[in-house]
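Structure record follows, encoded as structure tokens.
The values are calculated or read from the model by the stated rules, or taken from the named source; none is laboratory data. For clarity, every value in this text was computed on a predicted model and none was experimentally measured. Quick reminder, even Gly has a Cβ in these numbers, built from the backbone with ideal geometry, and neighbours come from all protein chains shown.
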Amino acid sequence: MMVEAITLAYLALYFSRYLLLPLTTVSSVSARLLPLFLTGLGLLASANTPKAVEPRTRTFNFNYTTTVPAQAAGVREVDLWLPVPHDDKSQDIRDLKIEAPVPYEVKTSAYGNRVLHVHATGAALQGFTVSMKLQATRREHLNPTLAGQPVTRKMLEPADPNMSRWLAADSLVPLDPKIRLWAQEVVTRAKATTNLEKAKAIYEHVVSTVTYDKTGQGWGRGDIYYACDARRGNCTDFHAVFIGYCRAVGIPARFSIGFPLPPERGSAEVKGYHCWAEFYTKETGWVPVDASEAAKNPAKRAYFFGAHDENRLEFTRGRDLVLAPRQHGGTLNYFIYPYAEADGQPLAGLQQQFRVQDIPAK
């Protein structure tokens, strides 16, 4: 009522001063025009209010097939573990179908990762194949703050019970004095003060100084010292530096791995994995980052600080992983390809194939 009264008074003043209308006429005209005036103000405010960007989506079938070779005489049992993709804010998993000639179970391990475990004995030791088929919808992951969208308090809360883990070291990403010094030099040189500015400085440093190059030896392990020395590698190496430097200056950062999908829709074989990262600040919530894709595609450098495109499928999160049930061997550096043990010893020679088939929108 207060707003309407003030608005009505301004309209009356306008008509009386500039149109030279008598006050009795002014009051009548102002009252009739008030609803239209207020509606116009509402439309103007609405036009100036940032609207949420609708993320791009992609729906597809994904097939993950693994073959375990025949075992040598004397082997009593083989255990096989496969990663199973999970639901989260960026993807929905449906119609999971598993075909295996031996008993299997799907369990949840650390950080919410899902694991398919197969236990083989007897005739299956002569070789067997496990097939996992599923349908997924993947959504473009956009940080609303960086995209200029309205943000709610809930969107900024750390819905992750492992926040302390994302500040700790990994086996190949130590947080020793040298790493802390290098990270601090990067943020100091950029004159970064907030955590968002520090993360951006680290991202720009990694994209500018590391080359996507899978030649030679040493790449692909996510070894921060290798990446800092060689200044080249694949996605694991890029994100080892990004995550390590973020953690070194007190910014939680987490590692995710899955498969890239070809941008072209259709049917295709997926040749290998892809990994990416996220960091957290109280002002922004979790922010997606893909430093290696930015290095490969400079035109999208700004985009990949705050976004993951829809052309991917996440399987597991974190490094130095313990599976479920626990493997006899050491922790896994990361988990995307099948892992197997024969009588408790790591088993080599597994074969795998990954295929994607897009489902056209209705």
Discussion item. Criterion first (within 20 Å of Val84 (Cα to Cα), within 14 Å of the chain's Cα centre (by Cα), not hydroxyl-bearing (Ser, Thr, Tyr) and not in a strand (DSSP E or B)) does Glu314 satisfy it?
Written reply: no
Item to complete: State all residues of the range 198-220 that are acidic (Asp, Glu) and more than 19 Å from Ile179 (Cα to Cα); if no residue qualifies, say none.
Response: Asp213
Practice prompt. Pairs only if they're at least six apart or on different chains, beta carbon under 6 angstrom, first in the range 325-338 and more than 14 Å from Leu116 (Cβ to Cβ), second surrounded by fewer than 20 Cβ atoms within 10 Å (Cβ to Cβ) and of a type outside the set (A, V, I, L, M); list them, first residue then second.
Written response: His328/Glu341; His328/Gly344; Gly329/Pro346; Thr331/Asp320
Worksheet item: What are the residue pairs meeting all of these: first residue in the range 261-290, first residue within 23 Å of Pro83 (Cβ to Cβ), second residue surrounded by fewer than 19 Cβ atoms within 10 Å (Cβ to Cβ) and hydroxyl-bearing (Ser, Thr, Tyr), Cβ atoms under 8 Å, and 6 or more apart or on different chains?
Response: Tyr273/Tyr337
Worksheet item: Consider Pro55 against the criteria (1) assigned to a loop (DSSP other than H, G, I, E, B); (2) at pLDDT 95 or above; (3) under 21 Å from the mean Cα position of the chain (by Cα): it satisfies all of them except one. Which criterion is unmet?
Response: (2)
Worksheet item: When Pro346 is evaluated against the numbered criteria (1) in contact (Cβ under 8 Å) with a residue 60 or more places away in the chain; (2) over 20 Å from Cys235 (Cα atoms), which criterion, by number, is the only one it fails?
Response: (1)
Practice prompt. Spot the failing condition for Asn113; the list is (1) over 16 Å from the mean Cα position of the chain (by Cα); (2) surrounded by 14 or more Cβ atoms within 10 Å (Cβ to Cβ); (3) within 19 Å of Gln352 (Cβ to Cβ), and only one is missed.
Written response: (1)
Worksheet item: Under the condition of being surrounded by 14 or more Cβ atoms within 10 Å (Cβ to Cβ) and small (Gly, Ala, Ser), which residue from the range 129-158 is nearest to Glu283 (Cα to Cα)?
Response: Ala147
Worksheet, complete the sentence: Of those in the range 285-299 that are closer than 11 Å to Phe238 by Cα and more than 14 Å from the chain's Cα centre (by Cα), the residue surrounded by the most Cβ atoms within 10 Å (Cβ to Cβ) is Ala294
Item to complete: Go through the range 159-185 and give me each residue that's under 24 Å from the mean Cα position of the chain (by Cα), more than 14 Å from Thr281 (Cα to Cα) and either assigned by TED's automatic domain parsing to the domain that holds Ala110 or touching a residue at least 40 places away in the same chain (Cβ under 8 Å) (or both).
Response: Asn162, Arg165, Ala168, Ala169, Asp170, Ser171, Leu172, Val173, Pro174, Leu175, Ala183
Fill in: Members of the range 324-362 that are closer than 16 Å to Tyr64 by Cβ and either part of a strand (DSSP E or B) or assigned by TED's automatic domain parsing to the domain that holds Val173 (or both)
Tyr339, Ala340, Gln351, Gln352, Gln353, Phe354, Arg355, Val356, Gln357
Discussion item. Looking at Leu125, Leu134, Leu116, Leu96 in this structure, which one is farther than 24 Å from Arg317 by Cβ and not in a loop (DSSP other than H, G, I, E, B)?
Written reply: Leu125
Worksheet item: Of the residues in the range 299-311, how many are touching a strand residue (DSSP E or B) at 6+ places or on another chain (Cβ under 9 Å) and part of a loop (DSSP other than H, G, I, E, B)?
Response: 5
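Every residue, every condition in (1) surrounded by fewer than 22 Cβ atoms within 10 Å (Cβ to Cβ); (2) not in a helix (DSSP H, G or I), yes or no:
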{"position": "Lys200", "(1), (2)": "yes, no"}
{"position": "His205", "(1), (2)": "yes, no"}
{"position": "Ile243", "(1), (2)": "no, no"}
{"position": "Arg247", "(1), (2)": "no, no"}
{"position": "Gly250", "(1), (2)": "yes, yes"}
